[in-house]
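The values are calculated or read from the model by the stated rules, or taken from the named source; none is laboratory data. Just so it is clear, the model here is predicted, and its values are computed rather than measured. Cβ sites come from the backbone with ideal geometry, for glycine too, and all protein chains shown count toward neighbours.
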Amino acid sequence: MTQLPSDTPTADLSETTLDTLFAVDWAARLGETGLDTLANDGFLLIDDCFVAPALYALQAESGFIDYRLANLTAGRHARDIRGDRIRWLDETCPYGLAYLRAIERLANWFNATLFTGIRHCEAHYACYPAGFGYQWHTDNPQGRDERVLSAVFYLNDDWHAADGGELVLIDAYGGTQTCQPQANRLLVFNSDLRHQVNITQRTRYSIATWLRRDVAVV
C-alpha cells in the first residue's frame with residue numbers, strides 16, 4: 001500500500017482539521033443528475049472522490065492495521081462464500097473516521113433531497129487476499145431493511161481488468177453493472193440490490209460502508 005507522504009496530516013490532528021481534509025461539497029459535486037441516477041438506477045459512481053492527500057492517508061492507514069476474518073450470519077466463516085478480512089472503524093483509525101464523517105454528510109444530503117431516512121452510518125476496512133471474493137448476496141439478508149444504502153470506497157492504485165476483484169451488481173432495471181475497484185472511486189447503491197465481488201488476482205483494499213435507518217447502538 002502507499003506510504004503516507006510527508007505533507008499528509010498525522011493522526012494527532014484535530015477532528016476539525018481532518019474534516020477539512022475530507023471536505024466534499026456533495027450538492028455541487030453530484031447535483032440533480034447524481035440524485036436522479038441513484039433514484040432511478042439504484043446506484044451512483046463517483047470518481048476522484050477526495051483530494052489526493054485524503055486518499056493517501058486512507059491507503060496508508062489500511063495497510064498498517066490488523067484485520068480479522070469476516071463472518072457470515074451467526075458467526076460462521078465460509079471462505080468459499082466470503083473471503084475478505086475486515087477491521088471496523090474505531091478511534092484507532094482517525095482517517096477512516098474522517099472518511100465516515102464525510103459519508104455522514106453525504107447521508108444528510110440524501111435525507112434532505114431523497115428523504116432516505118438515514119440515521120447513522122457504519123464502515124469497516126476490507127482486505128481481499130488474492131484468490132478470494134464474495135458470492136452473490138444483498139446487504140439486507142432475510143427480509144431485513146435497516147440498511148438503506150451501501151457504499152464502497154476503493155483504495156487500489158493501478159488496477160487492471162486482469163486483476164479481477166470487480167463488484168458486479170444487478171441494477172434497478174435488472175441490468176448487470178460492473179465496477180472496477182480503482183483508487184479514489186466511491187460506489188453508492190441500494191442495499192437491496194444483489195451484488196458480488198469477483199475473485200481477485202491481487203490483494204484488494206476498500207472501505208465497506210452502510211447508511212442505516214435504525215438507531216446506532218452505542
Next item on the list: Would you mind finding the one in Val188, Val168 that is buried (at least 21 other Cβ atoms within 10 Å of the Cβ), more than 19 Å from Arg87 (Cα to Cα) and either modelled with pLDDT of 95 or more or not polar (S, T, N, Q) (or both)?
Entry: Val188
Item checked: Positions within the range 158-180 being acidic (Asp, Glu) and under 18 Å from Ala39 (Cα atoms), in sequence order -> Asp171
Notebook entry, point to check: For the range 132-156, what are the residues that are part of a loop (DSSP other than H, G, I, E, B), in contact (Cβ under 8 Å) with a residue 60 or more places away in the chain and surrounded by 13 or more Cβ atoms within 10 Å (Cβ to Cβ)?
Noted result: Phe132, Gly133, Asp139, Glu146, Leu155
Next item on the list: Could you list, in sequence order, all residues of the range 32-54 that are within 21 Å of Asn108 (Cβ to Cβ), assigned to a helix (DSSP H, G or I) and in contact with a Ser or Thr (Cβ under 6 Å, 6 or more places away or on another chain)?
Entry: Leu35
Note to self: Considering only residues that are part of a helix (DSSP H, G or I) and of a type in the set (D, E, K, R), which ones fall in the range 85-127?
What the structure shows: Arg101, Glu104, Arg105
Next item on the list: Go through the range 159-203 and tell me which strands (runs of 3 or more DSSP E), entirely inside it, have 1 or more residues that are free of Cβ contacts under 8 Å to residues at least 24 places away in the same chain and out of contact with any strand residue (DSSP E or B) (no Cβ under 9 Å at 6 or more places or on another chain).
Entry: none
Next item on the list: Considering every residue within the range 65-75, establish whether at least one is closer than 22 Å to Leu18 by Cα, modelled with pLDDT under 90 and touching a Phe, Trp or Tyr at 6+ places or on another chain (Cβ under 9 Å).
Entry: yes
Next item on the list: Quick one: in the range 12-25, of everything that is exposed (fewer than 13 other Cβ atoms within 10 Å of the Cβ) and in a loop (DSSP other than H, G, I, E, B), which residue is modelled with the lowest pLDDT?
Entry: Asp12
Checklist line | Test: Glu61 is assigned to a loop (DSSP other than H, G, I, E, B) and either of a type in the set (D, E, K, R) or in contact (Cβ under 8 Å) with a residue 60 or more places away in the chain (or both) | finding: no
